[in-house]
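The values are calculated or read from the model by the stated rules, or taken from the named source; none is laboratory data. Since we're looking at a predicted model, the values are computed, not measured. Using ideal geometry, Cβ is built from the backbone for each residue, glycine included, and neighbour counts are taken over all protein chains shown. Protein only, heavy atoms only, side chains kept; ligands, DNA and RNA dropped before computing areas. Shrake-Rupley method; radii C 1.70, N 1.55, O 1.52, S 1.80 Å.
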Amino acid sequence: MTNDVKESFSGGAPPAPAALAAKVRTLAPSMTRSMQRVAEAVAGDPAGCAALTVTGLAELTGTSEATVVRTARLLGYPGYRDLRLALAGLAAQQQSGRAPAVTADIAVDDPIADVVAKLAYDEQQTLADTAAALDTVQLGAAVGALAVARRIDIYGVGASSLVGQDLAQKLLRIGLIAHAHTDPHLAVTNAVQLRSGDAAVAITHSGSTGDVIEPLRVAFDHGATTIAITGRPDGPVSQYADHVLTTSAARESELRPAAMSSRTSQLLVVDCLFIGVAQRTYETAAPALAASYEALAHRRNPRTR
């Protein structure tokens, strides 16, 4: 058994059937090619695969029984029997309410109405996948750390920097000290000042962005509680994260880079963090939020000044 498989299944409850497709999308890049074939088969035809024995699925995918079992465990199931039960459940859900037959593969000559439909469906799928795969235990721990942090540093570059700025703005409005760093040099020099009782959040879809990993490593080494929001939970960023929050791994296309869908899933996680922190700190958060609204009231209606 590989280390990845050992780490994936730790004896907890298997993922719900609805989370299976999200797990496949998230973990497929770290699988061997033979395991990818098994994962893609079960996600693409859950009803058909649910009817197969372990030998039948191995033959269908041109792999071995051992590969099928390893894939099941990597996806979070104790064995193939548990995976088959999940596939049957997923097939039943799909039969009761099928998703629209539209994909996010946008062609250069698509009518604008089709573009709207495809993007809307893909955004919905991204959010559903992220919600299904999000570890609420890790989320709760991250919320707890942010709620009591003396100071919060947030790191992100490119599209992820926009998400980081959104999180910092939200936390500032409920009275927390939060800073979003987009300059990698400033991020590291600020991370050096963090200590136990502080928190640092790294946002990187790939999980391997050096300009984000480096300040998180420094914050980790200095004793801050570290949080990673990433689409690759097995990526290098997780080495320095006390808590890992996984986002949906979106498919890329020529007209729609993964940054667009990844930002959607990252913003969902940010909103979950913010609401969780606001709940934990409600006695101080509510007055702070009201004060921020009041301070900006004259800008919404200048004639009242």
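Okay, here's what the table says:
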read-out: Subset of the range 239-265 [of a type outside the set (Phe, Trp, Tyr) and at pLDDT 95 or above]; value: Gln239, Ala241, Asp242, His243, Val244, Leu245
read-out: Residue pairs meeting the criteria (Cβ under 6 Å; at least 6 apart or on separate chains; first within 18 Å of His185 (Cα to Cα) and at pLDDT 95 or above, in the range 142-170; second of a type outside the set (A, V, I, L, M) and surrounded by fewer than 24 Cβ atoms within 10 Å (Cβ to Cβ)); value: Asp153/His179; Asp153/Asn190
read-out: Subset of the range 19-56 [surrounded by 19 or more Cβ atoms within 10 Å (Cβ to Cβ) and not in a helix (DSSP H, G or I)]; value: Met31, Leu52
read-out: All positions within the range 57-74 that are in a helix (DSSP H, G or I) and closer than 20 Å to Ser30 by Cβ; value: Thr61, Ala66, Thr67, Val68, Val69, Arg70, Thr71, Ala72, Arg73, Leu74
read-out: Among residues of the range 182-221, those that are at pLDDT below 95 and either within 16 Å of Ala145 (Cα to Cα) or in a strand (DSSP E or B) (or both), counted; value: 1
read-out: Lone unmet requirement of (1) open to solvent by less than 10 Å² (accessible area, probe 1.4 Å); (2) at pLDDT below 95; (3) among the β-branched types (Val, Ile, Thr) for Val277; value: (2)
read-out: Matching residues in the range 152-210 - criterion: being open to solvent by less than 10 Å² (accessible area, probe 1.4 Å) and over 18 Å from Thr225 (Cβ atoms); value: Val163, Ile174, Gly207
read-out: Close pairs (7 angstrom Cβ cut-off, 6 or more residues apart or separate chains): under 15 Å from Leu273 (Cα atoms) and without any contact (Cβ under 8 Å) to a residue 40 or more places away in the chain in the range 223-246, open to solvent by 40 Å² or more (accessible area, probe 1.4 Å) and not in a strand (DSSP E or B) anywhere; value: Thr226/Phe220; Thr226/Tyr240; Thr226/Asp242
read-out: Which numbered condition Asp105 misses (of (1) open to solvent by 60 Å² or more (accessible area, probe 1.4 Å); (2) under 28 Å from Gly235 (Cα atoms); (3) at pLDDT 80 or above); value: (3)
read-out: Test: residue in the range 123-141 that is surrounded by 17 or more Cβ atoms within 10 Å (Cβ to Cβ), in contact with a strand residue (DSSP E or B) (Cβ under 9 Å, 6 or more places away or on another chain), at pLDDT 95 or above and part of a strand (DSSP E or B); value: no
read-out: Cβ-Cβ under 7 Å pairs, at least 6 apart or on other chains, the range 183-195 side free of Cβ contacts under 8 Å to residues at least 60 places away in the same chain, far side assigned to a loop (DSSP other than H, G, I, E, B) and small (Gly, Ala, Ser); value: Leu194/Ala224; Arg195/Gly223; Arg195/Ala224
